[in-house]
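The values are calculated or read from the model by the stated rules, or taken from the named source; none is laboratory data. Since this is a predicted model, take the numbers as computed values, not measurements. In this analysis, Cβ positions are derived from the backbone assuming ideal geometry, glycine residues included, and neighbour counts consider all displayed protein chains. We work out accessible area using only protein heavy atoms, side chains counted, and drop any ligands, DNA or RNA first. Shrake-Rupley method; radii C 1.70, N 1.55, O 1.52, S 1.80 Å.
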Amino acid sequence: MSREILIQTQKGERQVAIIENGKIEDFYIELDRYQSLLGNIYKGRVESILPSINAAFVNIGQPKNGFLYLTDIVNPLVEEEVSGPRNIIEKILGKASPKPNRAPKGRKPEDKINLRVGQEILVQVVKDPFGDKGARLTTHLSLPGRFVVYMPFDKQTGVSKKIDSKEERQRLREVIDLFGFVKTGGFIVRTASHKQGKRELIRDAHFLYDIWVKIYKKAEQQKAPALLYEEGELTWKIVRDYLTEKVERLIIDTEEEYIQIKKFVNTLIGKHMVDKIEYYQGKEPLFEAKHVASELKKIYDTHVYCKSGAYVVIERTEGLTVVDVNSGKFKTHASPGEAAYMVNMEVIPEIARQLRLRDLGGIIVIDFIDMTHEFNKRRVVEHLQRELSKDRAKTEVYKISALGLVEMTRARTGKALESISFGKCPFCSGRGRVRIP
């Protein structure tokens, strides 16, 4: 499998395409006019608490207050140990309750929450603002690195479920035991750590812990609301998460970022990966030269066609996304029942790919062509689940209903690609139709 990473910078935007075997498998876009808050850590102030919806609104210095579920609160003050001097954390978050009463995930709504209006707390953005809603927040802070994720206020450690080798999982747990320089907090070992040496993982953990030290020192000095940590630009995230041994080349068309990426890779990943980075200096745009520009235009279309002639129609509404499967020009000598099954199986990889490329989230309903055999229905759902397993976003798929519909959810954390790239039409007000005079 050949894989390339293409990074194209144009006026006001940055685009990243992940190419596998000549096909776009992932696409990301970052606009200067729309800066994502995802992953940012703030020192916020509680503005209001609403027990009726079991939530609090926190001022983080944005136009709209952030939204924090009370069941998603963990107070680090009540821990016996915290990452950093206790007097610093107490100044950040207020006085701790005298009796330890840490609130784990899944806390019941009726449980007492040690939170008050005016209190200053550390929060992290887990979902960008959308429409009239502010950012979704959590107090479960996490700092993702290339190989590990550091959680300052959590004690548990774990290894990615995608690493299924018992021997490798045990080896990685033993490496975690070497993180003795981190007195408290927990780690999750990421999939990219598979077969990585101790030195690389320890270096990554050191890097993240140093970031945390800077965060809480900054929190001591600043009053809420204040930005303490910024997750970073799209290019940095792509290099961190995608530049692995499987990648043949990373090509970027901006000299300044090319130099910065080489320095970052050399420092945090290794010299052996620097040779994979190339600076594109061609006359035509990078995406045009690599023949991906025309393919990218298709991800904005409602109709997506497969080689056999079958196609899917993707329509977004306010509450959900609908995907309709059609046989189109698909031809076969099989029975109608088997033909329906064949079309459904063929379009599934494209459906999963389009969900990733468009970054569609929330409730998604797929209207497959009706099938008569229960065995075929199960195989279609299993095939869909396999294809969705390639997605970095969390997905959940339910059984085919009596009407032939599959309901699923996808946990998108930012705005959908269409929302970022398009505005509401002033003529049809977003209805997609203009009245005939």
Estimated dipole of segment 233-342 in Debye, rounded to 20 [Cβ of Lys and Arg +1, of Asp and Glu -1, Cα centre]: 300
The chain - Debye-derived log10 I(q)/I(0), Cα point model, q = 0.13, 0.14 Å⁻¹: -1.36, -1.47
Charged-residue dipole, Cβ positions (Lys, Arg, Asp, Glu), segment 134-192 about Cα centre, Debye nearest 20: 160
Residue-normalised accessible area of the chain, expressed per residue, 1.4 Å probe, Å²: 55
Among 59, 332, 196 the positive-end extreme of the charge dipole of the chain (Cβ point charges): 59
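Averaging the inverse of every distinct alpha carbon separation and then flipping it gives the Kirkwood radius. What is it for segment 350-389, in angstrom units? Please list the in-between numbers first.
On the way: mean 1/r = 0.0879 Å⁻¹.
For segment 350-389, inverting the mean 1/r across all distinct Cα pairs yields 11.4 Å.
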Rg [Å, one decimal], Dmax [Å, integer] - segment 1-69, C-alpha atoms: 18.9, 53
Charge context of residue 404, other residues only, Cβ under 14 angstrom, K/R +1, D/E -1: -2
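To the nearest 20 debye, what charge dipole does the chain have about its Cα centre, counting +1 at the Cβ of each Lys and Arg and -1 at the Cβ of each Asp and Glu?
Roughly 820 debye, rounded to the nearest 20.
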Among 368, 131, 180 the positive-end extreme of the charge dipole of the chain (Cβ point charges): 180
For segment 299-411, the Rg and Dmax computed from alpha carbons only, in angstrom: 13.2, 40
Cα-based Lys pair tally, segment 325-404, threshold under 27 Å, eight or more apart or on separate chains: 6
Label-point separation in nm, residue 211 to residue 13, each point 7 Å along Cα→Cβ: 2.7
Percent antiparallel among DSSP beta bridges (both partners in segment 118-250, rounded to 5): 85
Expected 222 nm ellipticity per residue - DSSP helices of 4 or more, -39500 (n - 2.57), all of the chain, to 500: -8500 deg cm²/dmol
Rounded if a/c under 1.5, otherwise prolate or oblate - segment 283-360, Cα gyration tensor axes: oblate
Share of carbon and sulfur in the accessible heavy-atom surface of the chain [1.4 Å probe, %]: 51
